[in-house]
Structures are given as structure tokens and as C-alpha cells.
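Notes follow the structure.
The values are calculated or read from the model by the stated rules, or taken from the named source; none is laboratory data. On a predicted model such as this, the values are computed, not experimentally measured, just so you know. Positions of Cβ are generated from backbone atoms using ideal geometry, with glycine treated the same way; all protein chains shown enter the neighbour counts.
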Amino acid sequence: QVHLRQSGPGLVKPSQTLSLTCAISGDSVSSDSVAWNWIRQSPSRGLEWLGRTYYMSKWNYHYAVSVQSRITISPDTSKNQFSLQLNSVTPEDTAVYYCARWGHTQYYFDYWGQGTLVTVSS
Amino acid sequence: DIVMSQSSLSVPVTPGEPASISCRSSQSLLKSNGNTHLNWYLQKPGQSPQLLIYLGSNRASGVPDRFSVSGSGTDFTLKISRVEAEDVGVYYCMQGLQTPHTFGQGTKLEIK
């Protein structure tokens, strides 16, 4: 059974960096059959896919255009986890953030983290 | 980007009655291999979204056969044959054809 456990601060000041981590159990961040994603949810934007990383001969990264200048998703093989960094946040980045697994051959998000409400406020 | 649209924000239903939730995509989700890259999720209050239906019409593990999907290409309907109290929540359609993966705005199933 795969389990994703999220951690990170729930309050970030404007212009600072949002950082979240997703710890994986029951699978490997280096698995070549899945991708590791970050998705956020807010009343104004709904569910919004932010980006993903996956290993297939090398590490690959794909980001949503809306955040690509500010986002970094990083795998950590030593801790079997991956992280999200979103720079220069504004109140519009206030949302519940989820990590989720995507199967390359299943074509759906099957496991999700518990969600982290991140509020951007001074 | 593929835009996913759900026509109803809310669907009130009496327990035991059927319910339908519509979803439309801005381009066909049918791939040349015959797979339709449409998924449905249910988000219960206070929870993360959970997979209901994948690749068009396949029920995820543990999903009762009260749930089914009709439609093809760009127009889809999630059907619940007999609504139960445990079905309440927000239903989202999502396209898995390409990144960015995009979601509909959600349809809230409410019990009358």
C-alpha cells in the first residue's frame, strides 16, 4: 500500500518561498513507472496541476506555465521523498497543496497526500 | 491546454434516486489506441480527492457498480443509479491525455 505524507509550514509571508515535502512509503521516488506530482486547490482556481518529476533513464521535470518561473520540484532519493518550492509567493498562492502519484501506464492519480493548507499572509 | 467544463455546480438528489453529472472537454480525449483519457474523482468533505473512474469508464477498486460513465470524445456523463448518503461530496472530471492535466470545476452532490 502506497502512502504519501506531506509536511511543511502552513503560513508563508508574501515574497518568500513556499516549501513542502512529500514522504513516500510503499513505492520509490526513483520508480520508472510513475511520476510524482504537486497539485493545489483554491476556491478561485479549483484543482490546478503544478508540476511533476519522474525518473526514466534520467530525472525529468514538467511544470505548469502559470508557475514555471517560480517552481522547483526536487526528488530526494536518500529520503525517498520529493519536495515543492514556490518562490515569490503572493496571497493568490494561498491554497491546499497536495502531492499525488501518477502511473505512466495507468494514466491517473491514484494516491494523494493528506493536503496542506498554505496561507500567504504577512 | 484542454479545458474541462462541468455544467452544474450542484446536483440535489433524493436518496435512492438516480443522479447524473456532466463533463465536457475542449478537445477529444480519445487516443489512437482506443483509450479515453478521462478520469472522475470524488472529494468528500475534508478529504483528498479519491479516484472513482479511470480511462473513461473503468471503476476503481472498491467503487460500487452503481457508478457508471457514458459518452465519448468530448462529452461525458457520470451516472449514479441509486444515490446513497455516502455519495455526497464534490465530483471532478479530469483529463489525463496531456500535461497540464486539467480538472473540471466540480459538481457538488447534495442530499435533499
Discussion item. Looking at (1) more than 14 Å from every other protein chain (Cβ to nearest Cβ); (2) free of Cβ contacts under 8 Å to residues at least 60 places away in the same chain, which one does residue A:47 not meet, given that it meets all the others?
Written reply: (1)
Fill in: Residues that are closer than 16 Å to residue A:117 by Cα and touching a Leu at 6+ places or on another chain (Cβ under 6 Å), drawn from region A:50-92
A:84, A:86, A:89
Worksheet item: Under 8 Å by Cβ, and 6 or more places apart or on different chains, what pairs join a residue from region A:55-72 that is under 15 Å from residue B:99 (Cβ atoms) with one that is of a type in the set (A, V, I, L, M) and surrounded by fewer than 17 Cβ atoms within 10 Å (Cβ to Cβ)?
Response: none
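Does region B:63-77 contain at least one residue that is within 13 Å of chain A (Cβ to nearest Cβ), touching a Ser or Thr at 6+ places or on another chain (Cβ under 9 Å) and surrounded by fewer than 20 Cβ atoms within 10 Å (Cβ to Cβ)?
Scanning region B:63-77, I find no residue that is within 13 Å of chain A (Cβ to nearest Cβ), touching a Ser or Thr at 6+ places or on another chain (Cβ under 9 Å) and surrounded by fewer than 20 Cβ atoms within 10 Å (Cβ to Cβ), so the answer is no.
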Worksheet item: From the set of residues in region B:47-57 that are of a type outside the set (Val, Ile, Thr) and part of a strand (DSSP E or B), which is farthest from the other protein chains (Cβ to nearest Cβ)?
Response: B:52
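Please go through region B:78-94 and give me each residue that is more than 10 Å from the chain's Cα centre (by Cα), touching a residue at least 12 places away in the same chain (Cβ under 8 Å) and away from every other protein chain (no Cβ under 14 Å), ordered by number.
B:80, B:81, B:82, B:83, B:84, B:85, B:87, B:88, listed by residue number.
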Discussion item. If a residue counts only when it is modelled with pLDDT under 95 and of a type in the set (Gly, Ala, Ser), which strands (runs of 3 or more DSSP E) contained entirely in region A:70-122 have at least 1 such residues?
Written reply: A:95-103
Response to the item:
With criteria (1) assigned to a loop (DSSP other than H, G, I, E, B); (2) over 21 Å from residue A:98 (Cα atoms), residue B:69 comes up short on (1)
Response to the item:
residue A:39 fails exactly one of (1) touching a strand residue (DSSP E or B) at 6+ places or on another chain (Cβ under 7 Å); (2) surrounded by fewer than 20 Cβ atoms within 10 Å (Cβ to Cβ), namely (2)
Worksheet item: Any residue at all in region A:84-102 that is within 13 Å of chain B (Cβ to nearest Cβ), farther than 19 Å from residue A:17 by Cα and not charged (D, E, K, R)?
Response: yes
Discussion item. Checking the structure you have, find out if any residue of region B:95-102 is more than 8 Å from chain A (Cβ to nearest Cβ), within 28 Å of residue A:97 (Cβ to Cβ) and of a type outside the set (A, V, I, L, M, F, W, C).
Written reply: yes
